[in-house]
Amino acid sequence: MKRILSGMQPTYQLHLGNYLGALKNWVDLQNAEPENENLYCVVDMHAITVPNDKLNLEQATREIAAAYIAAGIDPKKSAIFPQSAVGDLHAQLMWLLATMTQIGKLNRMTQFKDKAGKNAEKAGLGLYAYPVLMAADILIYNATHVPVGEDQKQHLELARDIASTFNHRFDKEFFTLPEPMIMGAATRVMSLRDGTQKMSKSAESDMSRINLTDTPEMIADKIKRAKTDPNPLPDTVEGLEGRPEAANLITIYAAMNNQTKEQVIAEFAGKQFSEFKPKLSDLTVEKIAPITARMRELLADVSEIDAILKDGAEKARSVAEPILTEVKDIMGFWRG
Ligand code: AMP
Ligand code: TRP
């Protein structure tokens with residue numbers, strides 16, 4: 001049995017990168033391996049690491065939970081909960097772990113460098129310590145597997161490193177070293193405007209990404225106007241080399257249709273983008289529209305979501321509490 005944990009930040013509308021790189025894999029995993037224990041967190045304490053006046057944290061948390069449920073995370077099979085509802089435990093473990101995290105390692109985190117930008121001196125301690133909180137999110141449940149997109153690999157390596165430092169320091173195999181699960185064809189979905197940049201919430205052009213809340217017309221328009229090159233589609237996967245936009249669209253198609261890139265290439269070899277794009281757009285709408293519709297229904301009356309989050313938080317707490325108690329015992333804190 002695996003204990004799976006993952007999370008997303010309630011800072012924005014989810015996009016196709018979040019769906020294909022993470023959420024869809026969570027759903028597939030939940031359905032393929034019913035014996036696993038699944039914990040899906042809305043990481044609201046991470047969402048506040050970058051200041052944002054416009055963010056309504058409560059509403060954004062419900063929206064992410066709605067996206068999880070609408071995409072197929074079943075609250076009967078997976079605990080869905082806000083991080084802050086178990087925040088006393090996550091934050092406490094974070095402190096304990098912070099005492100065994102080398103700043104030299106934090107300095108190498110590329111996400112911090114990207115987010116802090118040129119003005120790193122003004123970045124908050126929370127943004128810097130973000131990966132330690134993420135390690136605590138995982139280790140507080142002693143999760144065995146963490147399904148994420150490729151961009152989170154470095155953070156997971158740090159979490160493994162911190163877990164192993166704890167185990168060495170206290171000479172006890174207490175923390176499981178969590179395994180990253182980087183799954184599916186689309187571990188890194190790229191921008192529709194530039195195939196060398198990651199599809200992201202922060203890119204200024206909305207045309208660069210497909211949001212889970214986009215209407216079918218918007219999806220079709222974004223795909224129609226997606227950047228391509230003048231050549232027809234190649235007849236081998238190797239033929240995608242040096243053609244980042246073509247590679248990205250093929251990858252999206254493959255992931256969405258549960259196919260390999262080879263299978264998609266076999267179907268579209270030699271075809272023009274003018275033929276491929278409408279197919280990609282129909283497929284995207286077919287998969288995304290039901291999720292969007294279900295999200296709307298769920299958000300129309302938040303009582304169901306709130307009940308699911310409350311229930312999920314109770315489950316999460318019941319797993320985390322004894323683990324934190326044991327960590328404190330191992331470290332030798334007074335127990336009374
Ligand atoms: P974030 O947007 O950083 O909260 O990411 C939530 C999840 O989506 C993480 O597992 C990320 O790795 C994944 N993710 C975000 N952007 C992409 C992308 N462009 N391609 C693939 N996965 C992504
Ligand atoms: N850092 C992750 C992201 O931006 C979100 C996250 C926070 C997370 N805690 C986590 C993912 C624990 C997996 C496990 O995508």
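The table that follows gives values for the structure above.
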quantity: Restricting the range 175-193 to residues that are open to solvent by 40 Å² or more (accessible area, probe 1.4 Å) and within 12 Å of ligand 1 (Cβ to nearest atom), the residue that is nearest to residue 324 (Cα to Cα); calculated: 180
quantity: Residue identified as more than 10 Å from ligand 1 (Cβ to nearest atom), aromatic (Phe, Trp, Tyr) and either within 21 Å of residue 251 (Cβ to Cβ) or part of a strand (DSSP E or B) (or both) among 68, 19, 40; calculated: 40
quantity: Matching residues in the range 180-200 - criterion: being touching a Leu at 6+ places or on another chain (Cβ under 6 Å) and either within 13 Å of residue 226 (Cβ to Cβ) or not aliphatic (A, V, I, L, M) (or both); calculated: 180, 189
quantity: Filtered residues of the range 101-145 (kept if among the polar types (S, T, N, Q) and within 16 Å of ligand 1 (Cβ to nearest atom)); calculated: 110, 111
quantity: Qualifying residue in the range 270-284 (condition: of a type in the set (D, E, K, R) and within 30 Å of residue 137 (Cβ to Cβ)); calculated: no
quantity: Flag for residue 321 being in contact (Cβ under 8 Å) with a residue 12 or more places away in the chain and open to solvent by 70 Å² or more (accessible area, probe 1.4 Å); calculated: yes
quantity: Candidate set: the range 22-37, residues that are in contact with a helix residue (DSSP H, G or I) (Cβ under 8 Å, 6 or more places away or on another chain) and either of a type in the set (Gly, Ala, Ser) or within 11 Å of ligand 1 (Cβ to nearest atom) (or both); chosen: the one farthest from residue 214 (Cα to Cα); calculated: 26
quantity: Residues that are away from ligand 2 (no atom under 16 Å from the Cβ), within 23 Å of residue 103 (Cα to Cα) and among the acidic types (Asp, Glu), drawn from the range 141-174; calculated: 171
quantity: Subset of the range 71-105 (residues that are more than 16 Å from ligand 2 (Cβ to nearest atom), among the aliphatic types (A, V, I, L, M) and outside any loop (DSSP other than H, G, I, E, B)); calculated: 96, 103
quantity: Filter result for the condition that a residue is among the small types (Gly, Ala, Ser), open to solvent by less than 10 Å² (accessible area, probe 1.4 Å) and away from ligand 1 (no atom under 16 Å from the Cβ), over 163, 91; calculated: 163
quantity: Residues satisfying the stated conditions in the range 141-160, i.e. touching a helix residue (DSSP H, G or I) at 6+ places or on another chain (Cβ under 7 Å), open to solvent by less than 40 Å² (accessible area, probe 1.4 Å) and not in a loop (DSSP other than H, G, I, E, B); calculated: 146, 147, 155, 158, 159
quantity: Candidate set from the range 123-155 (those that are within 11 Å of residue 39 (Cα to Cα) and of a type in the set (A, V, I, L, M, F, W, C)); member that is nearest to the chain's Cα centre (by Cα); calculated: 146
quantity: Tally, over the range 1-16, of residues that are near ligand 1 (Cβ under 8 Å from one of its atoms) and more than 23 Å from residue 215 (Cα to Cα); calculated: 2
quantity: Residues located in the range 240-270, provided they are in a helix (DSSP H, G or I) and aliphatic (A, V, I, L, M); calculated: 240, 246, 247, 249, 250, 252, 254, 255, 256, 264, 265, 266
quantity: Test for residue 172: is it in a loop (DSSP other than H, G, I, E, B), open to solvent by 30 Å² or more (accessible area, probe 1.4 Å) and of a type in the set (Lys, Arg); calculated: yes
quantity: Answer from 296, 335 - the residue that is part of a helix (DSSP H, G or I) and either out of contact with any strand residue (DSSP E or B) (no Cβ under 9 Å at 6 or more places or on another chain) or within 18 Å of residue 75 (Cβ to Cβ) (or both); calculated: 296
quantity: Hits in the range 110-140 (condition: open to solvent by less than 20 Å² (accessible area, probe 1.4 Å), small (Gly, Ala, Ser) and away from ligand 2 (no atom under 11 Å from the Cβ)); calculated: 116, 129
quantity: Tally, over the range 6-60, of residues that are of a type in the set (S, T, N, Q), crowded, with 22+ Cβ neighbours inside 10 Å and over 28 Å from residue 192 (Cβ atoms); calculated: 1
quantity: Condition check for residue 22: closer than 25 Å to residue 178 by Cα and within 14 Å of ligand 2 (Cβ to nearest atom); calculated: yes
quantity: Close pairs from the range 169-182: first closer than 28 Å to residue 24 by Cα, partner aromatic (Phe, Trp, Tyr) and open to solvent by less than 60 Å² (accessible area, probe 1.4 Å), Cβ under 9 Å, at least 6 apart; calculated: 175/166
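The values are calculated or read from the model by the stated rules, or taken from the named source; none is laboratory data. Keep in mind that what you see is a predicted model, and the values were worked out from it rather than measured. Cβ sites come from the backbone with ideal geometry, for glycine too, and all protein chains shown count toward neighbours. Accessible surface is based on the protein model in full, side chains and every heavy atom, while ligands, DNA and RNA are left aside. Shrake-Rupley method; radii C 1.70, N 1.55, O 1.52, S 1.80 Å.
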